[in-house]
């Protein structure tokens, strides 16, 4: 037979309401000594408060939803690890949902999380469409965007400095003597992708080089897409001597493409990725890349979401004013390894 709240109250010699105040944090303060006795009794009697009753009372559960577009990319695993650590420390559990870059699946997951009374949602949008964000805001669900922003909706978000990342990667290649630099990009208008391209173009401009649209190769989000995009660049005449890839997954595909064309990396062709996933240090040659704080992004996103939940704010989707809790972009850094080197003499 399970232990009830009344059992704990009788064991300590207090009212059931006092036990409830201790378990649920209010609404009335409980003396420190009494609180300690109640908590000790809860442990000794192995009392398990009803999660269902608590969720009905608070109109939410102690669950956070994390919706990501891709379980294939290790980048998102590190972001999720940061989210989970903060949630666990604060007594919340995390439900992971994979949209697969499918906007309909993304909307279904958001509806399920809302129906199941998730306390809040962390969302890495699958597309640049505003419908998911507008839906969350309309239902006043606390949410925070990760890795992307929705500037027209002024929603709270935690992102890295994608522009600076694209700029640093391209400047690094230019400083190595490369003048014809390809860019492997995603075929999307998501904010982070556009910012990386904008950084790439700005670096070319600031170093007196003209942007050449023929050097922009777009692909999907798998290694094979990066391989195919790099092959298209290498088939140009003249071919680029280096490329900046949207992420490390696509950069690994570019490494394979160079090998297939009989090119040595970096002697004949240099490659710089983005994200600094763990595998980047173990490719052959090891991948130069832009490191962004993946774990910290998840951690800070979870902290921001929990603060919105505590404040009782839906905190998203307003067309006016700054986004509640918005943060400056997280800093990135260039990690130089073996895949980037001086431009070949033929250049």
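Just so it is clear, none of the values below were taken in a lab; they were calculated from the coordinates. Here the structure is a predicted model, which means the values were calculated and not measured. Ideal geometry is used to build each Cβ from the backbone, glycine not excepted, and the neighbour counts take in all protein chains shown.
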Inset, instruction - Would you compute, from DSSP H runs of 4+ residues alone, the mean residue ellipticity of the chain at 222 nm, taking -39500 (n - 2.57) per run and dividing by the full residue count, rounded to the nearest 500? - result: -13500 deg cm²/dmol
Legend entry - Residue order, fewest to most beta carbons within 10 Å, for 216, 250: 216, 250
Inset, instruction - Starting from the Cα gyration tensor of region 162-291, take the square roots of the eigenvalues, sort them a ≥ b ≥ c, and report rounded, prolate or oblate (rounded when a/c is under 1.5, otherwise prolate if a/b is larger than b/c, else oblate). - result: rounded
Inset, instruction - Using only the Cα atoms of the chain, build the gyration tensor, take square roots of its eigenvalues as a ≥ b ≥ c, and label the shape rounded, prolate or oblate: rounded if a/c is under 1.5, else prolate if a/b is larger than b/c, else oblate. - result: prolate
Inset, instruction - Label region 184-241 by shape, choosing from rounded, prolate and oblate, from the square roots a ≥ b ≥ c of the eigenvalues of the Cα gyration tensor; if a/c is under 1.5 it is rounded, and otherwise prolate applies when a/b is larger than b/c, oblate when it is not. - result: oblate
Legend entry - For the chain: relative contact order, % (alpha-carbon pairs under 8 angstrom, 6 or more apart): 19
Inset, instruction - Please report 309, 271 as a ranked list, fewest other C-beta atoms within 10 angstrom at the top and most at the bottom. - result: 309, 271
